[in-house]
Each structure stands twice: as structure tokens, then as C-alpha cells.
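Everything on this sheet refers to the single structure shown next.
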Amino acid sequence: MPQRIALVFVLLISSFYASAQTDAELDSKSKEGQEMQAGAKNNVGIIRVKDSIYMIKGRGGNIGVCVGENGVFMIDDKFPETSSSVIQKLNTITSKPIELLVNTHHHGDHTGGNAYMASSGALIFSQENARKRILATYTNAAKKIYDQKIDSIIERQGSKISSEEVRKNEMRSAEKVIGTLEEFVDIPNGALPVVTFPKNISFYYNNEKIEVTHTPRAHTDGDAMVYFTKSNVLHTGDAYISNGYPFIDAKNGGSFSGYMDGLNKILSIADKDTKIIPGHGEIASIEDVKYLISMFRFLKGQIKYQIVAKKTEDEVVAMRELTKEYDDKGFGDNFITTESFIRTLYKELSK
Ligand SMILES: [Zn+2]
């Protein structure tokens, strides 16, 4: 290329990038641009897993869908803001309504769309602890705001709180202004499961026998896995994820030993042909689950050894070689970092 033409070419290319960048920046600053970006973030994708079972990917937990002549059976429903995109994608494969919906556990990235789906006719099921925890999420959030309001009313009245007794009286009079906590909690219609089960429940729907089984104290204390016996597809919820170290939510009843039991339960349900829809990540196989089990066994042995050798939590976290094989595969790159995973294991194993 002659020098002058090359120079013009470079100038053209760089001015193209400069203007493209400015447009993008302007776009992201305008309200419309921001809405477009948020909209794109909430767009979901749908892929066929096997037969009439589909997976809806994108932000939040993976949704499982079984379509057929009865209607739509759905597992989890992501966030409120992804709901309209979920329905849009669903409409590309069926015109039937969502009749039955199972929540695999209480977390908001799996149950946030409950109210939306219930308003379009879905009957929602969950393990009983999962329902309690969805309810608690709303109550706790409301309680924080409620307490602040009570405090500010008492403050405004200029009361001197000299004793517990005086504070109780002040609270009672403040309650008269804003109502009781029960009245204050505002739970969207349909956000809570309508039917709960303690252990297992089966559905006979769309020519499938669908077995839902509770996995105690795994990711949380309200986990359920959903197995389509005819299609041989298993949705594990977050009791198995294929994109990194698992989140063991100890504050909500999850445990390392229960998580391990859950993984072993997957082995008892699945065979080499089973398609596994994980709570997060791509479709997996029994081999992927076996790999996670071997990782759990290895780390359990190593960390226990270090605990016996009187190593502190920080010292074990600093032993990067322990998790090198998994970190190299990208296990620590997503929601749960290597450090937080090791800390969770250390805490439980040192009990
Ligand atoms: Zn979760």
C-alpha cells in the first residue's frame, strides 16, 4: 500500500472508532440509551435440551421448561425484570400457558419472576423451607424500613428515651401512625408459592412423570431437584452449577456435607445420557458432577489436614496450590471466588 493511501486509511479507521465510541458514550448517558442497555441485559435466550424440554438462559438462574399438550411446566423464573423476555421466548415455542411452576429454592435470581408468572396463571410449588425464606426476605426488608420510620417518628416527637418501658410506649404510639409491621409488609400478589411439600412431589404432565425431590441442607435448606423421567433431563437448581465453585449459603441452611449428599443424589438419579440443567452455567453431564465430587473430596481432605496441623483460615486461604487445578479451569472466575469458597469449607470443617 502506498504511504499516503495507508495514512488516509489509518485516519479513516481511527475517526470511525472515535465517532463510534462517542456515539456509544452519548447513548449510554441518555435515559433512552440506559434503558436500551438495561433491556439488552434482561434479554434471555432459549435452547432445546432434549425432546420437549428447553432451557432459558441469560441473567439469573437457568429456567427449565417442559412444553406439551397439557401446557407449560416451568422450573424457576429468574428476576422480575427478565419476565417479559422469558414469556416472549416461550411464545416462540408454544402458545400454551404456564400452568405449573416449581421453585428450586428461595433466592431472588430463581424466584423473582414469581408474581409475574402467577399473574399469567401459573400455580407455584416449592419445598416448605423455600417458601418460608421467600417470605422472610420480604419481611426482613420491610422491617428495616419500618424500624427506621418508627425511630424517625419518635425522634421528631423529641421524646427522651429513658428506659425500655418508655421506648415501648413511644413505639406503640408511633405504630398508630404507620400501622403494625404485619400491615407494613407489602408482598406482591403471587410472589409466594401456593403449594409446598416437605420432601418429594410427583407431577404427571405432558406425558412425563416429573419427580421433584428435596435435597436437605445443600445450597440452602429448601432445595429441590426436578427430574423428567421420560426425557431423562434433570434440573438441579443451585445444588449443582457448571460455571464455577458452588455457593453454599450457610446463612440460609446450606452446608458442605449436605451439598456433597446432593451431588451424590444426582449420581443416583442420572446416567451417562442424562442432560443436566444446572442452576447456573451450561448444560452438563454426569461426568461434570463426578468431577465436582472429586474436587470436594480432595479439598475436604486437604483442608481437614491443615486444620489438624493448626493452620488458621487465613493461612489455608493463602495456599494457592490447593486449588490451582480448579482455578486454572476458571472455577473462581464467577460468582464465588476461590477465597470465599475456601473460607466456607474451612469454617464448616473446623466445627
Ligand atoms: Zn441460589
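Determine which single condition PHE298 fails, assuming it passes every other condition in (1) over 19 Å from PHE335 (Cα atoms); (2) among the aromatic types (Phe, Trp, Tyr); (3) outside the structural domain of LEU349 (by TED's automatic domain parsing). Here PHE298 meets the rest and fails (3).
Number of residues in the stretch 124-160 that are among the aliphatic types (A, V, I, L, M) and surrounded by fewer than 15 Cβ atoms within 10 Å (Cβ to Cβ): the value is 3. Does ASN264 satisfy being in contact (Cβ under 8 Å) with a residue 24 or more places away in the chain, within 16 Å of the ligand (Cβ to nearest atom) and either of a type in the set (S, T, N, Q) or more than 20 Å from TYR326 (Cβ to Cβ) (or both)? Here the answer is no, as ASN264 does not meet what is asked. Residues of the stretch 199-225 that are more than 15 Å from the ligand (Cβ to nearest atom) and among the polar types (S, T, N, Q): ASN200, SER202, ASN206, ASN207, THR213. When the stretch 75-95 is limited to residues that are open to solvent by less than 10 Å² (accessible area, probe 1.4 Å) and part of a loop (DSSP other than H, G, I, E, B), the one that is nearest to the ligand (Cβ to nearest atom) turns out to be ASP76.
Report whether or not ILE145 is of a type in the set (A, V, I, L, M) and either in a loop (DSSP other than H, G, I, E, B) or at pLDDT 90 or above (or both). The answer is no for ILE145. For the stretch 226-247, taking the residues that are open to solvent by 10 Å² or more (accessible area, probe 1.4 Å) and either hydrophobic (A, V, I, L, M, F, W, C) or more than 21 Å from THR338 (Cα to Cα) (or both), the one that is nearest to the ligand (Cβ to nearest atom) is identified as PHE247. Of the numbered criteria (1) assigned to a loop (DSSP other than H, G, I, E, B); (2) in contact with a strand residue (DSSP E or B) (Cβ under 7 Å, 6 or more places away or on another chain); (3) basic (Lys, Arg), the one LYS310 fails is (2). For the stretch 284-292, indicate whether the set of residues that are among the charged types (D, E, K, R), assigned to a loop (DSSP other than H, G, I, E, B) and either in contact (Cβ under 8 Å) with a residue 40 or more places away in the chain or under 16 Å from ASN62 (Cβ atoms) (or both) is non-empty. Among the residues of the stretch 284-292, not one is among the charged types (D, E, K, R), assigned to a loop (DSSP other than H, G, I, E, B) and either in contact (Cβ under 8 Å) with a residue 40 or more places away in the chain or under 16 Å from ASN62 (Cβ atoms) (or both), which makes the answer no. Take ILE277 and decide whether it is farther than 29 Å from LYS324 by Cβ and buried (at least 21 other Cβ atoms within 10 Å of the Cβ). So ILE277 fits the description; yes. When ALA40 is tested against the conditions (1) among the small types (Gly, Ala, Ser); (2) crowded, with 24+ Cβ neighbours inside 10 Å; (3) more than 16 Å from the ligand (Cβ to nearest atom), the lone failure is (2). Test GLU315 against the criterion of being charged (D, E, K, R) and assigned to a loop (DSSP other than H, G, I, E, B), and give yes or no. Judged against the criteria, GLU315 is not a match. Before we move on, is THR196 within 16 Å of the ligand (Cβ to nearest atom), buried (at least 16 other Cβ atoms within 10 Å of the Cβ) and either in the same structural domain as GLU348 (by TED's automatic domain parsing) or not small (Gly, Ala, Ser) (or both)? Against the criterion (within 16 Å of the ligand (Cβ to nearest atom), buried (at least 16 other Cβ atoms within 10 Å of the Cβ) and either in the same structural domain as GLU348 (by TED's automatic domain parsing) or not small (Gly, Ala, Ser) (or both)), THR196 does not qualify.
To keep it simple, each residue is scored yes or no on (1) over 19 Å from PHE125 (Cα atoms); (2) touching a residue at least 24 places away in the same chain (Cβ under 8 Å); (3) touching an Asp or Glu at 6+ places or on another chain (Cβ under 9 Å).
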{"position": "ARG172", "(1), (2), (3)": "yes, no, no"}
{"position": "VAL185", "(1), (2), (3)": "yes, yes, no"}
{"position": "PRO188", "(1), (2), (3)": "no, yes, no"}
{"position": "PHE197", "(1), (2), (3)": "no, yes, yes"}
{"position": "PHE203", "(1), (2), (3)": "no, yes, yes"}
{"position": "LEU234", "(1), (2), (3)": "no, yes, no"}
{"position": "PRO246", "(1), (2), (3)": "yes, yes, yes"}
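Could you tell me which residue of the stretch 96-113 is surrounded by the most Cβ atoms within 10 Å (Cβ to Cβ), considering only residues that are within 8 Å of the ligand (Cβ to nearest atom) and outside any loop (DSSP other than H, G, I, E, B)? Among those that are within 8 Å of the ligand (Cβ to nearest atom) and outside any loop (DSSP other than H, G, I, E, B), it is HIS110.
If you go through the stretch 116-132 one residue at a time, do you hit one that is away from the ligand (no atom under 16 Å from the Cβ), part of a helix (DSSP H, G or I) and touching a Gly at 6+ places or on another chain (Cβ under 7 Å)?
Let us first name the residues in the stretch 116-132 that are away from the ligand (no atom under 16 Å from the Cβ), namely 116-125, 128.
Adding the requirement that they be part of a helix (DSSP H, G or I) leaves 116-119, 128.
If we keep only those that are touching a Gly at 6+ places or on another chain (Cβ under 7 Å) as well, we get 118-119.
Within the stretch 116-132, one or more residues are away from the ligand (no atom under 16 Å from the Cβ), part of a helix (DSSP H, G or I) and touching a Gly at 6+ places or on another chain (Cβ under 7 Å).
The values are calculated or read from the model by the stated rules, or taken from the named source; none is laboratory data. These numbers were taken from a predicted model, which means no experiment stands behind them. FYI the Cβ positions are ideal-geometry reconstructions off the backbone, even for glycines, and counts take in every protein chain you see. Quick note on the areas: whole protein, heavy atoms, side chains included, nothing else; ligands and nucleic acids left out. Shrake-Rupley method; radii C 1.70, N 1.55, O 1.52, S 1.80 Å.
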